[in-house]
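See below for the structure under consideration.
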Amino acid sequence: MPDMDAGMLSPQDLEKITALVSRYNIPRIKITGAQRVAFLGMEPKQAESLQRELHVPEEAPHKNGRLHYIQACPGNAWCKYGVADTLRMHNRLKNIELKNPLPSKVKVGISGCRMCCCESWVRDVGLVAEKNGWRFTFGGNGGGRPRIGDIVADGLSEDEAITLIEKTLHYYSTTAKFKTRSARFMERIGIEALQKAVLS
Ligand code: SF4
C-alpha cells in the first residue's frame, strides 16, 4: 500500500496507477478506509518488486520518528463547509521529524470543520478546525478497544497546533512503553498530566 497525500489524486496519478496495474497484472485494487490504495492478490515476489519501484519503506515510518498514517478531509480548498486548510496541515505534519522513534504507530485525522468527516475523535492525533482555531485531541482509537481522544487544547493557530503536537509526541515517545498506543497511554497517565507536561 503506497502512501498517498490524504487520498488526493490527480488525473496523472490515476494514469500512473492504471499503467502499473496493467504492467503487474494486478487483479484488484482497493481504496482503503485510510485513504490509501491497496494492490490486492499479488504474488509476494511481484509485490516486493512493486514496493521497490514505488519506494515503499520496508520499516514502519514511526520507528524513524515520522508520522505516516495521516488522513485529511478536503478542507476549505474543496469543501464548502471547511474553515481551514486541512491539506496544508497534512503536508506540514507529514514533514515533522521527531528526535526519537515513536512507541507505536500514530494515526492522525484532520477534519476541516466540526462535522469531523476524518473521525478525528478516534485517531491518536485528532485535529478539527473550528471558527476560533484548531482543536487538538490525543489518545483516540477506533480499533478493538475504541476510545475518544482527550482535548489537549483548542483555539490554536496552525503554528501553535504543530508545535503542540510535536511536544505531545515527544512526551509520548519518551514516556510511553514500547508498542503502547496513545489510547492506552492516556488511560494510564490521564489528560491532566499530559497538559501539565506540554502546555507549560
Ligand atoms: S469535515 Fe467538514 S470540511 Fe471536511 S469534508 Fe467534512 S464537511 Fe467538509
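Observations
- Of all the listed residues (Asn76, Asn95), the sole one being exposed (fewer than 13 other Cβ atoms within 10 Å of the Cβ) and in the same structural domain as Val128 (by TED's automatic domain parsing) is Asn95.
- Glu119 more than 8 Å from the ligand (Cβ to nearest atom), surrounded by fewer than 22 Cβ atoms within 10 Å (Cβ to Cβ) and under 17 Å from Gly140 (Cβ atoms): yes
- Qualifying positions in region 5-42 - on the phi > 0 side of the Ramachandran plot and out of contact with any helix residue (DSSP H, G or I) (no Cβ under 9 Å at 6 or more places or on another chain): Gly7, Gln35, Gly41
- When the helices (runs of 4 or more DSSP H) confined to region 15-109 are screened for residues that are modelled with pLDDT of 95 or more and either within 16 Å of the ligand (Cβ to nearest atom) or farther than 23 Å from Gly126 by Cβ (or both), those reaching at least 2 such residues are found at 75-78, 86-94.
- Which numbered condition Val128 fails, given (1) without any contact (Cβ under 8 Å) to a residue 40 or more places away in the chain; (2) part of a helix (DSSP H, G or I): (2)
- For Leu127, the conditions (1) within 16 Å of the ligand (Cβ to nearest atom); (2) surrounded by fewer than 20 Cβ atoms within 10 Å (Cβ to Cβ) all hold with the exception of (2).
The values are calculated or read from the model by the stated rules, or taken from the named source; none is laboratory data. Note that the coordinates shown come from a computational prediction; the quantities given were computed from them, not determined experimentally. Counting neighbours? That spans all protein chains shown, and the Cβs are built from the backbone with ideal geometry, glycine included.
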